[in-house]
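The structure appears below as structure tokens.
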Amino acid sequence: MSESLKVCHFGISNPKYSRNRVILKGLRQNGVEVVECNAHSGHFYRHSLSKLTYVKRYIQLVERHAKMHYDVLVTSHGGQLVMPLAKFITSKPVVLDAFLGMHEMFTDLKPEDSDSYRAKAWYYLDMYSFRSADLILTDTEKHINYFHEQSGISSKKFQRVFVGSDDAVFFPRSMDRVDDNFLVMFWGTFIPL
């Protein structure tokens, strides 16, 4: 009997964030053993985190990772933030959950800084991460085409994984209607991106 695949889910973003939850649940439902190596202490989009906070997180990741055995490392949502570290500490294949480009996220949140050195740094981090990954996950064919055009990396290196939702939380329910109005519920944050 062969052993099942063992994946290390690696990162600094919230493991309870919907994208991470869906990926983790999907892996487990498909017989993959998952070990989590995470140094999350707040939402990674928060701009108020100091450089020292990130250094502490990366040190925690290195310490936790040293005790882990696995076949493939999969970054958590926003994997570009940990990709250089991941490539430094493992010789195993690395799957990047790019989901979004960090450059696009930065320039969308700060369009006035789209030509800044910070914007360029995010762009180069994206490109480094895409080139370093063995496989890149993103949510749409449009993102795959866009990242392929931006990086020149073969679109075959990308795999679309829909955003999804946790079907233990979100599932159809019957509802008693009091009128014939069409009701729509929106759940979101209204961030510019």
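Read-outs throughout are calculated quantities, based only on the coordinates presented, and are distinct from any laboratory measurement. Remember, predicted model here, so these are calculated numbers, not experimental data. Because the Cβ atoms are built from the backbone with ideal geometry, glycine has one as well, and the counts that use them run over all protein chains shown.
Some values worked out for this structure:
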{"read-out": "The range 58-156: trypsin sites (Lys or Arg not before Pro) in DSSP loop, at most 14 other beta carbons within 10 Å", "value": "67"}
{"read-out": "Cα gyration tensor shape of the chain, rounded if a/c is under 1.5, else prolate or oblate by comparing a/b with b/c", "value": "oblate"}
{"read-out": "Proximal aspartates and glutamates relative to residue 120, as straight alpha-carbon distance under 19 Å, when same-chain residues fewer than 8 apart are discounted", "value": "104, 108, 112, 149"}
{"read-out": "Neighbour-count order for 191, 153, 12, fewest beta carbons within 10 angstrom listed first", "value": "191, 153, 12"}
{"read-out": "Using θ = phi - 60° and Karplus 6.51 cos²θ - 1.76 cosθ + 1.60, couplings along the range 136-149 (whole Hz; Gly, Pro as x)", "value": "10, 9, 8, 9, 9, 5, 4, 5, 4, 4, 4, 5, 4, 5"}
{"read-out": "The chain: relative contact order in percent, alpha carbon pairs under 8 Å with at least 6 residues between", "value": "19"}
{"read-out": "For residue 137, residues with placed amide H under 5 Å, excluding near neighbours", "value": "96, 97, 98, 99, 159"}
{"read-out": "Relative exposure of 82, 35, 22, judged by other C-beta atoms within 10 Å (fewest first)", "value": "35, 22, 82"}
{"read-out": "Likely footprinting exposure, 176, 126, 139, fewest C-beta neighbours within 10 Å first", "value": "176, 139, 126"}
{"read-out": "In Hz, Karplus ³J(HN,Hα) per residue of the range 163-171 (6.51, -1.76, 1.60; θ = phi - 60°; x = Gly, Pro)", "value": "3, x, 8, 7, 6, 7, 9, 10, 8"}
{"read-out": "Partner lysines for residue 87 [C-alpha distance under 19 Å; skip if fewer than 8 residues away on the same chain]", "value": "6, 56, 67, 157"}
{"read-out": "Magnitude of the charge dipole, the range 6-160, Cβ model with Lys/Arg +1 and Asp/Glu -1, debye to 20", "value": "520"}
{"read-out": "Estimated vicinal HN-Hα couplings, Hz - the range 123-134 in sequence order (Karplus 6.51, -1.76, 1.60; Gly, Pro = x)", "value": "4, 5, 5, 4, 5, 4, 5, 5, 5, 7, 6, 7"}
